[in-house]
Every structure is written in structure tokens, then in C-alpha cells.
1. Length gain on complete extension for the stretch Lys319 to Glu25, per 0.36 nm per residue less the alpha carbon to alpha carbon distance?
2. Quickly estimate the mean residue ellipticity at 222 nm for the chain, helices only: each DSSP H run with n ≥ 4 gives -39500 (n - 2.57), and the total goes over all residues, rounded to 500.
3. Using 0.36 nm times the number of residues separating Val269 and Met1, minus their current alpha carbon distance, what extension gain do you get?
4. At 1.4 Å probe radius, can you tell me the per residue accessible area of the chain in Å²?
5. Report relative contact order for the chain in percent, whole number only (criteria: Cα-Cα under 8 Å, sequence separation at least 6).
6. What area, in nm² and to one decimal, does the C-alpha convex hull of the chain cast on average over all directions?
7. Who wins for biggest fluctuation among Asp139, Asp185, Asp58 in a Gaussian network model of the chain, springs between alpha carbons below 10 Å?
8. Just the number, please: carbon plus sulfur as a percent of the accessible area of the range 1-140, 1.4 Å probe, no ligands or DNA/RNA counted.
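The values are calculated or read from the model by the stated rules, or taken from the named source; none is laboratory data. Bear in mind the structure is a predicted one, so any value in this text is a computation, not a measurement. Positions of Cβ are backbone-derived with ideal geometry, glycine not excepted, and every protein chain shown enters the neighbour counts. Side chains included, ligands, DNA and RNA excluded: accessible areas come from the protein's heavy atoms. Shrake-Rupley method; radii C 1.70, N 1.55, O 1.52, S 1.80 Å.
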Amino acid sequence: MRILITGITGFVGSHLAEYIIQLNEKHDIYGLCRWRSSRENLANIYKKIMLFNADICDLGSLIHELKTIKPDIIFHLAAQSYVVASFNVPFQTLWTNVIGTANLLEALRILKLNPRIHICSSSEVYGQVREEDVPIKEDCPLRPASPYGVSKVGEDMVALQYWLSYRMKTIRTRMFTHTGPRRGDVFALSYFANQIAAAELGLKEPCISVGNLKSVRTICDVRDAVKAYWLLIQHGVPGECYNIGGSHTMTIQKALDILLSFARVKCNVVVDEKLLRPSDVTLQIPCIEKFKEITGWEPEILPQQTLEDLLNYWREQLKLFPWKAAVVVR
Ligand code: A2R
């Protein structure tokens, strides 16, 4: 199979490529990246993949590269992926996630290519749900509470429309909180882990800045998430969408406590008003029965393991690259 991963240089894309490679199933793996994209996350696999330069906001670049790649399968992961940043750059977020996805689908339509396409929507499309709607099913009303959430509604709906109008085989996922090694340090749990590792190495005061710790989440390991995406592309039904997420529910406070239990120095915790979102999503617990029924997928890695691996990732990174200690978000 010719498999294309957009966003291969990112957190999930790099783990997905690694997962497919270790299956040893003789697939050709192609990745789209931009000319300035950091290839750091591809350090373990760069010899086993083929990279092509394209920007999903540039239709011409997509047509040009897709003509050569002719993928049988696409995992569309490229996105402006950070909720908090989307409040500062709403237009760029909308443009990348909605128009970028439309560009990808339109390029395939123009080239008369019809691969199976995984579209990576998000739990953020549901926004702040009512307690009676928990656990959240796929038919829960969409009430996005951030520009990112709105952009993912747009991406999700564009994908549905291309299935309805042109029978292009889009399959959507709405992934709930997921983390693990390589998660960008702007995401809450990774930000905490980075700060703990920095404190251990004496790169900062042992004082951990946090935002809202009361939100309730399930935590899924990225390595379980990419297994889910692989199963999705084999068994998912085009035109459908599937909630995916972890099975252990906890507050962000609890996740922080787990991280702190691994810390090698005593850390204080300080709430930083700047880390609070203008509108927050405080309750995100998925119902993943629809996905489980077609794939049999279950998350396997416990949150304790995920969080320890995340902290160890930052310990190794900061030892080698101390300038990667997270800066305070302003
Ligand atoms: O920033 P870069 O150049 O390293 O590439 C990022 C890529 N990306 C783009 N690729 C092509 N054209 C664009 N205009 C463009 N904008 C962004 O998307 C990077 O390779 C990837 C995003 O990686 P992360 O920020 O680490 O996101 P993550 O967690 O891997 O998210 C994967 C998917 C996204 O659809 C999220 O919205 C969803 O999972 O949660």
C-alpha cells in the first residue's frame, strides 16, 4: 500500500509512521511536510519514509505532490493543533484546518484519486457538554468553545460533504485527550512535565505554573491512539465518524499529582491566570462503543505509564537541549 501521512513531522504523525514501519508489512510511507518543518521527530525513521514538500494551504503544491504519490491511504493529521493558540490566531487556525482540508480533498478530486482518508477531527467539536450527554456519543450536539473547535467542526463537515457529494472515502475520528513522548510543551500535561524536568535539572525554580486543574478528561496514550488510527483505516466505514479516547477518567489535578509523584525534586504549584482559556471545555469523557464494535480496539497503556514516559522524554530532551525548557505562556 502507498500510505501518505500529512503532518508526519508532528507528534501523532511521527508515532503513526513508526507504528506502521514496525508492522513490517512492506508499505511505502510518504509524508508531507513544509520546507521549514523540523524533522526532529523523524530521527528514528527518516531513512524509511519519503518526504514531499507541500503546504495544505496551497492547493497547487498538493496537486503537484499527490500526482506523484498516488496514495491508497491518507492519514490527514496536518493542522494547527493547539486550542489555546487558536484564540490568538483564529483565522490561521480556520484557514489551515478547514481550507487546508478542503484543499487536500479538492486536489484528490481534481486528480481523480479516491484513497481511503482518515480525517482527524477532535473532541473539541463537542465543546462544553451537558452532564446528561456524558459519556459523549457521536450524535451529541456540536457546540465548539474555541476557534480550534470551530475549525475542527469545519474540517469534519467538509470531509462529510466530500463523501456525500463525491463518494470520497473519508472516515472521521474525534479523538479525546491524548499525550505521550514528543507532545508539544504548550499542551498542559506536557507543559507540566517539561517544567518538572527543568526543575530537576536546575534550569528553573521548582515552581510549576498551571491553568485550570479542575477539568475532567480521559487520558489516552499516543501509542494507543495510532494503533486506533491504523485499525480505523482498515475497518472504518466511509462517511462515518468515531469517538476515540482513553478509559481512565481523571481531573487535570490528578494527572499533575501523578507527574509530581515521579519528580526528583519537591515542586510548588502556582496557578497562572494567563493559562486560563477565554472559554474552557471542562468535561470530556467519550463513549467509544461505536469504534470498539468495528475494531475491537481498547487502550492498553495506563495513564501512569504515559505520564512517566512523558516526563522521561522531557528529562532526556532537556539534558541534551536545555533551551527547550518551556517558556511561560503570555
Ligand atoms: O509545523 P510543521 O511544518 O512541522 O507541520 C505541522 C503540520 N502542519 C502543516 N503541514 C502542511 N501545511 C500546513 N499549512 C501545516 N500546518 C501544520 O501539522 C505538523 O507536522 C502537524 C501538526 O503537528 P502537531 O502540532 O504536533 O499536532 P498533532 O498533535 O500531531 O496533531 C495531529 C492531529 C491534528 O489534526 C490535530 O488537530 C489533532 O490530531 O488533534
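1. Values: separation 294, 0.36 × 294 = 105.84 nm, distance 3.56 nm.
Result: 102.3 nm gained on full extension.
2. Details: 11 runs with 128 residues, N = 330.
Helix-only estimate at 222 nm: -12000 deg cm²/dmol.
3. Details: separation 268, 0.36 × 268 = 96.48 nm, distance 4.88 nm.
Extra length from Val269 to Met1 when fully extended: 91.6 nm.
4. Details: 14640 Å² over 330 residues.
Heavy-atom SASA per residue in the chain reads 44 Å².
5. Numbers: 664 pairs, mean separation 59.4, N = 330.
Relative contact order for the chain comes out at 18 percent.
6. Working: hull surface 62.7 nm².
The Cα convex hull of the chain, projected and averaged over all directions, gives 15.7 nm².
7. Asp139
8. Details: 3460 of 6580 Å².
That fraction is 53 percent.
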